[in-house]
Amino acid sequence: MTPGAAMPRAPGLFLINIGQLLTLRSPVRGPRRGSSLSELGIIDDAAVLCLGGKIVSVGTMKNALRDPWLKKNRKKVTEIDCGGHVVLPGFIDSHTHPVFANPRLVDFEKRIAGTSYEKIAEGGGGIRASINGVRSATKSALTDKLLRALGDMAAHGTTTVEAKSGYGLSFDSEMKSLEAIRSAAKRWAGTVVPTFLGAHTVPPEYRGRSRKYVELVCKEMIPTVVKRKLAQFADVFCDRGTFSAEESEEIFRAALENGIALRAHMGQLSETRLEPFLRFKPASLDHMDYVNKDDFAALASSDTIATFVPGANYFLGLSRYPEARRFIEAGIAVALATDYNPGSSPTLSMPMAMSLACTHMKMSPAEAIAAATINGAWAVRMADQKGSVEAGKDADLAVFAVGDYREIPYWFGTNRCAGTIANGVLLGNGSL
Ligand code: NIG
Ligand code: FE
């Protein structure tokens, strides 16, 4: 959809001639762990009927054609011939930072020339380099940029996007960022989950006074975000050079007291012990490059998802990636996301994140798909509505012009998504 276009209403859609339908359904409720991460619930030669933005029936073509309701009403629904291709739940991109004004090209060149992400940040680059752009942008300019990104995401098969603020880092600019997310969400057919990330880094005017900034986040920003219902989650970047474990716990406590759910950036640059944070029951802890081995058991027995964002490892030119196999073998529920942002991961392609997870983290294509769909839905606490193709769930589907699901992470650097359906609306991006 082009920015500003009116939202189309969901018509009845009947997807036919699906070569492989990855339903991701499971008889057991809960995020996928261990071997269940590989179970895609595939139906060959399948059909899906969607009405009023919801999936109403899922099965083989043969059974669909025998359905009495469809026999009577087939003319009333729009038929989509999937041409023997693969259909799966729309991706849930459960970690993105899409409210920014400009790319960070100076940082990019500095890193290529050998300066690290942390050193660039210490010198005033990094997250701080994106602040001025957001502070001086109008809400409507931010909304338009965000809508463009959401359109691109949908063109790559994503139907649900967790979107963080975090480049304003003043009371007004953080609220403006969240308002931009809200107004873009109203104009996009997919689903947006807003997250408040006022604790992304300490802004320059609070240099050396991080305690004062944490106070502003806890005492003014969080209560206003909650009062104005601007976000579903509060997030914090807990790491060396940003917020300490103590400051992050303080932010978690304030969020909890104000009744907003939690998620956090953990272990991107250095290790932080996770057990104290798991007590707050965060929906997700993300990055997880550095995790103490003694935290694995606690993470596995919690409902918190460990979300990997390998686009950041790739773009920062790191040879180290999260140890996905150890997480999966320990029984930890893992998800994959793009981390779309101008500094560490300027990609909005979930298939690219999945490809990196396969090649660099040794996740199988099936595991990568479950991590990008149903476990992503758990990571944003929307698994009752999203993440699998089952009657009663939201009609969020992606059609890929491939004959085998393993091709989705296999073809990298190119887009094989032929069409995306979000809340029952076919987005006019692909060849369908
Ligand atoms: O997830 N780690 C913190 N935030 C982003 C990077 C933000 C930036 O560099 O602009 C991330 O990688
Ligand atoms: Fe991030």
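The values are calculated or read from the model by the stated rules, or taken from the named source; none is laboratory data. In this text the structure is predicted, and so the values were computed from the model without any measurement. As a convention, Cβ positions derive from the backbone with ideal geometry for all residues, glycine included, and neighbour counts pool all protein chains shown. Accessible surface is based on the protein model in full, side chains and every heavy atom, while ligands, DNA and RNA are left aside. Shrake-Rupley method; radii C 1.70, N 1.55, O 1.52, S 1.80 Å.
Pairs, please: C-beta under 7 Å, at least 6 apart or cross-chain, first residue basic (K, R) and in the range 358-384, second assigned to a helix (DSSP H, G or I) and open to solvent by less than 10 Å² (accessible area, probe 1.4 Å)?
What qualifies is K362/A324.
Quick one: L65 ticks every box in (1) within 30 Å of L197 (Cβ to Cβ); (2) in contact with a strand residue (DSSP E or B) (Cβ under 9 Å, 6 or more places away or on another chain); (3) not acidic (D, E) bar one, so which box is it?
For L65, the exception is condition (1).
Scan the range 210-224 for residues that are open to solvent by less than 30 Å² (accessible area, probe 1.4 Å) and either basic (K, R) or out of contact with any Asp or Glu (no Cβ under 8 Å at 6 or more places or on another chain) (or both) and jot them down.
Residues of the range 210-224 that are open to solvent by less than 30 Å² (accessible area, probe 1.4 Å), as a first pass: 213-214, 216-218, 221-222.
Matches in the range 210-224: Y213, L216, V217, I222.
When you look at R240, is it in a loop (DSSP other than H, G, I, E, B), within 14 Å of ligand 1 (Cβ to nearest atom) and among the charged types (D, E, K, R), yes or no?
Spelling it out, R240 is indeed in a loop (DSSP other than H, G, I, E, B), within 14 Å of ligand 1 (Cβ to nearest atom) and among the charged types (D, E, K, R).
Quick check on the range 37-67: of everything there that is in contact with a helix residue (DSSP H, G or I) (Cβ under 8 Å, 6 or more places away or on another chain) and of a type in the set (G, A, S), which residue is nearest to I328 (Cα to Cα)?
S38
Can you report the number of residues in the range 193-208 which are away from ligand 2 (no atom under 15 Å from the Cβ) and at pLDDT 95 or above?
Summing the residues that are away from ligand 2 (no atom under 15 Å from the Cβ) and at pLDDT 95 or above in the range 193-208 gives 5.
Which of (1) within 23 Å of Y340 (Cβ to Cβ); (2) assigned to a loop (DSSP other than H, G, I, E, B); (3) of a type in the set (A, V, I, L, M, F, W, C); (4) out of contact with any His (no Cβ under 7 Å at 6 or more places or on another chain) does F280 not meet, given it meets every other one?
Every listed condition holds for F280 apart from (1).
Could you tell me whether D295 is buried (at least 19 other Cβ atoms within 10 Å of the Cβ) and either at pLDDT below 95 or within 15 Å of ligand 2 (Cβ to nearest atom) (or both)?
No.
In the range 310-327, which residues are open to solvent by 10 Å² or more (accessible area, probe 1.4 Å) and more than 13 Å from ligand 2 (Cβ to nearest atom)?
Residues satisfying the conditions are Y314, G317, L318, S319, R320, Y321, E323, R325, R326.
Is it the case that D289 is within 18 Å of the chain's Cα centre (by Cα) and surrounded by fewer than 23 Cβ atoms within 10 Å (Cβ to Cβ)?
The answer is yes for D289.
Can you find a residue that is open to solvent by 10 Å² or more (accessible area, probe 1.4 Å), under 20 Å from S355 (Cα atoms) and within 20 Å of the chain's Cα centre (by Cα) anywhere in the range 298-309?
Checking the range 298-309: not a single residue is open to solvent by 10 Å² or more (accessible area, probe 1.4 Å), under 20 Å from S355 (Cα atoms) and within 20 Å of the chain's Cα centre (by Cα).
Taking A255 and the conditions (1) out of contact with any Leu (no Cβ under 6 Å at 6 or more places or on another chain); (2) part of a helix (DSSP H, G or I), which numbered condition does it fall short on, given that it satisfies the others?
Failed condition: (1).
Can you tell me which residues in the range 328-348 are more than 16 Å from ligand 1 (Cβ to nearest atom), assigned to a loop (DSSP other than H, G, I, E, B) and open to solvent by 10 Å² or more (accessible area, probe 1.4 Å)? Please lay out each step first, then the result.
Our first condition is that a residue be more than 16 Å from ligand 1 (Cβ to nearest atom); within the range 328-348, this holds for 328-334.
Now drop any that are not assigned to a loop (DSSP other than H, G, I, E, B), which leaves 330-333.
Scanning the range 328-348 gives A330, G331.
Quick check on the range 147-170: of everything there that is within 16 Å of ligand 2 (Cβ to nearest atom) and in a helix (DSSP H, G or I), which residue is farthest from H200 (Cα to Cα)?
Filtering the range 147-170 for residues that are within 16 Å of ligand 2 (Cβ to nearest atom) and in a helix (DSSP H, G or I), the one farthest from H200 (Cα to Cα) comes out as M153.
Enumerate the pairs (first residue in the range 222-250 and more than 29 Å from E118 (Cβ to Cβ); second residue anywhere and open to solvent by less than 40 Å² (accessible area, probe 1.4 Å) and assigned to a loop (DSSP other than H, G, I, E, B)) with beta-carbon separation below 7 Å, excluding pairs fewer than 6 apart on the same chain, so at least 6 apart or on different chains.
These pairs meet every condition: V226/I260.
Among the residues of the range 227-253, write down those that are over 19 Å from Y167 (Cα atoms) and either within 16 Å of ligand 2 (Cβ to nearest atom) or open to solvent by less than 10 Å² (accessible area, probe 1.4 Å) (or both).
F252
Here's the yes/no breakdown for (1) more than 16 Å from ligand 1 (Cβ to nearest atom); (2) surrounded by 20 or more Cβ atoms within 10 Å (Cβ to Cβ):
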{"position": "A137", "(1), (2)": "no, yes"}
{"position": "A141", "(1), (2)": "yes, no"}
{"position": "R148", "(1), (2)": "yes, no"}
{"position": "D152", "(1), (2)": "yes, no"}
{"position": "T158", "(1), (2)": "yes, yes"}
{"position": "A163", "(1), (2)": "no, yes"}
{"position": "G166", "(1), (2)": "no, yes"}
{"position": "M175", "(1), (2)": "yes, yes"}
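Taking the conditions exactly as written (in contact with a Pro (Cβ under 6 Å, 6 or more places away or on another chain) and charged (D, E, K, R)), does D93 satisfy them or not? Steps first, please.
On the way: in contact with a Pro (Cβ under 6 Å, 6 or more places away or on another chain): no; charged (D, E, K, R): yes.
Against the criterion (in contact with a Pro (Cβ under 6 Å, 6 or more places away or on another chain) and charged (D, E, K, R)), D93 does not qualify.
When the range 289-314 is examined, which residues are found to be part of a helix (DSSP H, G or I) and among the acidic types (D, E)?
Within the range 289-314, D294, D295 meet the criteria.
Could you run through the range 385-401 and say how many residues are touching an Asp or Glu at 6+ places or on another chain (Cβ under 8 Å), more than 17 Å from A337 (Cα to Cα) and open to solvent by less than 10 Å² (accessible area, probe 1.4 Å)?
Number satisfying all stated conditions: 1.
Go through (1) in contact with a strand residue (DSSP E or B) (Cβ under 9 Å, 6 or more places away or on another chain); (2) assigned to a loop (DSSP other than H, G, I, E, B); (3) open to solvent by less than 10 Å² (accessible area, probe 1.4 Å); (4) more than 26 Å from V56 (Cβ to Cβ) one by one and return the number of the condition D404 breaks.
All conditions are met except number (3).
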